[in-house]
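These notes concern the structure reproduced below.
A short reminder: the numbers here are calculations on the coordinates, not readings from a lab. Computed from a prediction, not measured in an experiment: that's the story for all the values here. Using ideal geometry, Cβ is built from the backbone for each residue, glycine included, and neighbour counts are taken over all protein chains shown.
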Amino acid sequence: MKHTLRDCIKGKKTSHIPIWFMRQAGRYLPEFRDIRKNNPDFIKLCLSPNLVNEITLQPLKRFDIDAAIIFSDILMIPYGLGQKVEFKKGIGPILEEINLDKIINTNSTDFSKKLSLVYDGIKKVKSNLEDKELIGFVGAPWTLLLYMLNKKSPKNNFNFEIFNKDKILINKLLKKIIEMTCLHADKQIEAGANIIQIFDSWAGLLPQKELPNFCYEPISKIVEHIKSKNIPVICFPKGIGKNYIDFCSSVKPNCISIDYDVDPKWIKDKLNGIPIQGGLDPKILLGDKESIKISTEKYLSIFKDYPYIFNLGHGVLPEIKPETIEYVIQIVRNKK
């Protein structure tokens, strides 16, 4: 098996620039939309090993990419803890009112049993995967806490002070989330995932002074746990701007995934060789070929001779054409 992606994460010289895309298995692919049409319940879809296998492998059948990322969702953790989660078209995830006793009393056996079909899906993908890495993933504790208490995606008028009023509740929940996130990562690794990415999608909503308590420290515990299994960890604390540097020195991820608001040259100069992933704004892929080429090559030239994984600064948008993804891959593959 080729380990180009893992070699890059370890800072080793690779024969080519590894490439994969966040949300590469999903809504921009017509073959995924066909499956989704017949499977309106998103959680049920994530709990169908055969369909998870099919969806995860769809982009690898189309594109020359270095990794599969398991088709799942970060909100499988609240689901595993007994909080009902559903996805409504045009709205996104809706979670039921939190039942703290139920969550705190969910033990590792109950949690693993509830998500066993997720792990069966990973095993199935692994058995069908040749010469590619298999990325598992988890949501970061802050992002999961936010969904669990807010019961939906936070709006622009999110107020941290109001959110943080019941500190006892928050501390109990955070502790449980960290414990079960480590377990969820373990089970994915046992099933065949050989890289884990941690998504802190709403890290950008935290006031700077709260980043250590809600972002760095909880993620550090999970990173340390995964590293102890000899599995590399990529972290994606989206939206924290200049705090990416503090994040890296505090959390010590094997690789840091940057969003599109981060200046690639600035972060490369600041990080002393920590492998970097991503950065390109997905919206650029809705433009013309020339601007796509210029933007893609900008990242490739900035990170020339630096351990870099080509990816986007967030997930593939539903409006992006598969042909455009193919075009970007060609540019990356042709870069020496």
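Listed by chain and number, the aspartates and glutamates placed with their C-alpha closer than 14 angstrom to that of Lys321 are Glu31, Asp288; residues fewer than eight positions away on the same chain are left out. Rounded to the nearest 20, the size of the Cβ-charge dipole of the stretch 4-334 about its Cα centre is 260 debye, with Lys and Arg at +1 and Asp and Glu at -1. Beyond 20 Å, what percent of the Cα pairs of the stretch 158-228 remain? So the pairs more than 20 Å apart make up 36 percent of the total in the stretch 158-228.
Computed across the chain, the Kirkwood radius stands at 20.2 Å (inverse of mean 1/r, all Cα pairs).
Between the DSSP loop rule and a limit of at most 14 other Cβ atoms within 10 Å, which GluC sites (Glu not before Pro) in the stretch 237-336 are left?
Answer in residue order: Glu319.
For a 24 Å ceiling on Cα separation, which of these pairs sit above it: Lys126/Lys304; Lys89/Lys167; Lys152/Lys176? Over 24 Å Cα-Cα: Lys126/Lys304; Lys89/Lys167. Over all distinct Cα-Cα pairs of the stretch 186-336, the Kirkwood formula returns a hydrodynamic radius of 16.3 Å. Couplings 3J(HN,Hα) for the stretch 287-298, derived from phi with the Karplus relation 6.51 cos²θ - 1.76 cosθ + 1.60 (θ = phi - 60°), are x, 7, 4, 5, 5, 5, 4, 4, 5, 5, 5, 4 Hz, where x marks Gly and Pro. Taking amide H atoms as placed 1.01 Å from N in the peptide plane, the amide H of Phe137 lies under 5 Å from those of Gln197, each 5 or more residues away in sequence or on another chain. Once backbone amide H atoms are built at 1.01 Å from N, Ile309 has Ile276, Gln277, Gly278 as its partners under 5 Å, excluding neighbours fewer than 5 places away on the same chain. Here's the picture: charge each Lys and Arg Cβ at +1 and each Asp and Glu Cβ at -1 in the stretch 1-134, and of Gly92, Pro59, Tyr79 the one pushed furthest to the positive end of that dipole is Pro59. Legend: residue pairs Lys13/Lys187; Lys88/Lys165; Lys13/Lys132, Cα-Cα distance threshold 24 Å; pairs beyond threshold, Lys13/Lys187; Lys88/Lys165.
Once both labels are positioned 7 Å from their Cα atoms along Cα-to-Cβ, the gap between Lys114 and Lys229 label points is 1.9 nm. Label point 7 Å out from Lys151 along Cα-to-Cβ: which residues of the stretch 48-84 have amide N under 13 Å? What the label zone holds, given the 13 Å backbone N cut-off, is 84.
Couplings 3J(HN,Hα) of the stretch 242-253, computed from phi: 5, 6, 3, 5, 4, 4, 5, 6, 7, 8, 6, x Hz, in residue order, whole Hz [Karplus 6.51 cos²θ - 1.76 cosθ + 1.60, θ = phi - 60°; x for Gly and Pro].
Working note: Karplus 6.51/-1.76/1.60 with θ = phi - 60° gives the stretch 198-215 the couplings 9, 9, 10, 4, 10, 4, x, 7, 7, x, 3, 5, 9, 4, x, 5, 9, 10 Hz, where Gly and Pro are set to x.
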